[in-house]
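Below: one structure, written as structure tokens.
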Amino acid sequence: MKMILDVDTGIDDALAIAYALGSEEAQLIGVTCCFGNVTVDKAVQNTLRVLRLFGAGEIPVYAGAPEMFTGKEFVPNEVCKRVHGLNGIGEIELPEADKGAEEKDAAAFMAEMAQKYGKELVIVATAAMTNLARFIRQYPEEAAKVGRISVMGGAVTVPGNVNRFAEANILADPEAAKFVLESGINLLMVGLDVTLKTMMSAGAMEERIRPWTADGNEPGCKMAAMVHYYCSHEIGEEGSREGAIHDPLAVAAVLHPEFVETVELNLTAETDGESRGRTIGDLKRIKQREKTVKVCVDVNTELFLKDFVSSVQKAIHRI
């Protein structure tokens, strides 16, 4: 399948890029950048550097608009700064990119690829839904041609991770999420309901990825350093050091649907008050038999983690 990743490149976005590069089931044809963990400009630079690290600098990168769906300025929240570091990738220094983003904007690139590849194209969005919202609003016919859209975001059966209502990607632009969820487009939602089931202690996580650094190559060592930072700043119960593999699971869910279990719902995102950013059933469509969102509610964690670690290992050794 042809894949576009729509990212706000923090640490787990970088891991998702590596996972896609190492997967035999997908061809990464482009990366679009939104905001969330960092601003769009920083996401572009981080993405270009990660691709170059893996010898994949030929893959084009496209910037989305820097402002939210309503036109308001985006400001990264403090949780993202703590978990991903001020530079978004755990304060790890990567080689500078030798090129910049493409001239075309993110939504236009999505439309071009949807027109070209149709059902063969999948889009995996691991950032705010702003680029998706603009794509669906500006290019509805092309959006309807996409084979599958997977989003890492939301929390339906569990509390949020920024506050008790909201997951970070949804809270970054709730109006965009509301538009996408109510648009009628079919989505696969990979939210905290399942990504939190990949949570493990820092020690267990670092033991899992030990093969990445076995021969001391730069991509493996850099990615391992990011994971170490991530696990050191993602604080679990009672202050324990642990981490979850959020964004790569949204990639896995389209590559290996057998890894997850889903329920079908019609959802919306709340945009007002204390519960701003909450993903919840859409009362206006509660009686409709046709559902547009498949919400992941369970995951075979062991199968996923084995595939994730081995696929990143392949990406590490692709050069």
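The values are calculated or read from the model by the stated rules, or taken from the named source; none is laboratory data. Please read these numbers as outputs of a predicted model, since none were measured by experiment. Neighbour counts are summed over all protein chains in view; Cβ atoms, including those assigned to glycine, are modelled from backbone coordinates with ideal geometry. With ligands, DNA and RNA removed, areas are computed over all heavy atoms of the protein, side chains included. Shrake-Rupley method; radii C 1.70, N 1.55, O 1.52, S 1.80 Å.
So the values come out like this:
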{"read-out": "Mean accessible surface per residue for the range 1-315, computed with a 1.4 Å probe while every protein chain stays in place, in Å²", "value": "40 Å²"}
{"read-out": "3J(HN,Hα) from dihedral phi, the range 47-62, Karplus parametrisation 6.51/-1.76/1.60, rounded to Hz, x for glycine, proline", "value": "5, 4, 5, 5, 4, 5, 4, 8, x, 10, x, 6, 6, x, 10, 10"}
{"read-out": "Taking the chain and dividing mean pair separation by its residue count, relative contact order in percent (alpha carbons under 8 Å, at least six apart)", "value": "21 percent"}
{"read-out": "Cut-off 10 Å between beta-carbons: net charge of the residues surrounding Ala125, Lys and Arg +1, Asp and Glu -1", "value": "-3"}
{"read-out": "Restricting the range 1-93 to trypsin sites (Lys or Arg not before Pro) in coil, as DSSP defines it, with at most 16 other Cβ within 10 Å", "value": "Lys72"}
{"read-out": "Distant-in-sequence amide H partners of Gly160 (H built 1.01 Å from N, under 5 Å)", "value": "Phe165, Ala166"}
{"read-out": "Per-residue ³J(HN,Hα) for the range 170-176, Karplus 6.51 cos²θ - 1.76 cosθ + 1.60, θ = phi - 60°, Hz, x for Gly and Pro", "value": "6, 5, 4, 7, x, 5, 5"}
{"read-out": "Relative contact order (percent, whole number), the range 1-94, Cα cutoff 8 Å, 6+ residue spacing", "value": "32 percent"}
{"read-out": "Helix-derived mean residue ellipticity, 222 nm - over the chain, DSSP H n ≥ 4, -39500 (n - 2.57), to 500", "value": "-11000 deg cm²/dmol"}
{"read-out": "Potential extension, Leu196-Lys104 segment - 0.36 nm per residue separation minus Cα distance", "value": "29.6 nm"}
{"read-out": "The range 244-294 shape via C-alpha gyration tensor axes, a/c threshold 1.5", "value": "oblate"}
{"read-out": "Debye, to nearest 20: dipole size of the chain, +1 on Lys, Arg Cβ, -1 on Asp, Glu Cβ", "value": "580 debye"}
{"read-out": "Most fluctuating residue given options Lys178, Lys287, Lys222, as computed from a GNM of the chain linking Cα atoms under 10 Å", "value": "Lys287"}
{"read-out": "Most positive-pole-ward Cα, Ser311, Ala97, Pro211, against dipole of the chain from beta carbon charges", "value": "Ser311"}
{"read-out": "Distance (nanometres) between label positions extended 7 Å along Cα→Cβ at Ser310 and Arg164", "value": "4.3 nm"}
{"read-out": "The range 150-205, accessible surface, carbon-and-sulfur percent (1.4 angstrom probe)", "value": "57 percent"}
{"read-out": "Calculated from backbone phi, Karplus (6.51, -1.76, 1.60) coupling profile of the range 23-28 in Hz, x at Gly/Pro", "value": "6, 7, 8, 10, 10, 6"}
{"read-out": "Charge dipole (debye, nearest 20) of the range 96-136; +1 at Cβ of Lys and Arg, -1 at Cβ of Asp and Glu", "value": "260 debye"}
{"read-out": "Positive minus negative residues near Thr262 (Lys, Arg vs Asp, Glu; Cβ under 15 Å)", "value": "-1"}
{"read-out": "Rounded to 5, percent antiparallel among DSSP beta bridges of the range 1-315", "value": "35 percent"}
{"read-out": "Within a Gaussian network of the chain (alpha carbon springs, distance under 10 Å), most fluctuating of Cys33, Cys221, Cys231", "value": "Cys221"}
{"read-out": "Three-way shape label, the range 1-40, alpha-carbon gyration tensor, a/c 1.5", "value": "oblate"}
{"read-out": "Glu242 long-range amide H proximity, modeled H, under 5 Å", "value": "Ala202, Glu234, Gly236"}
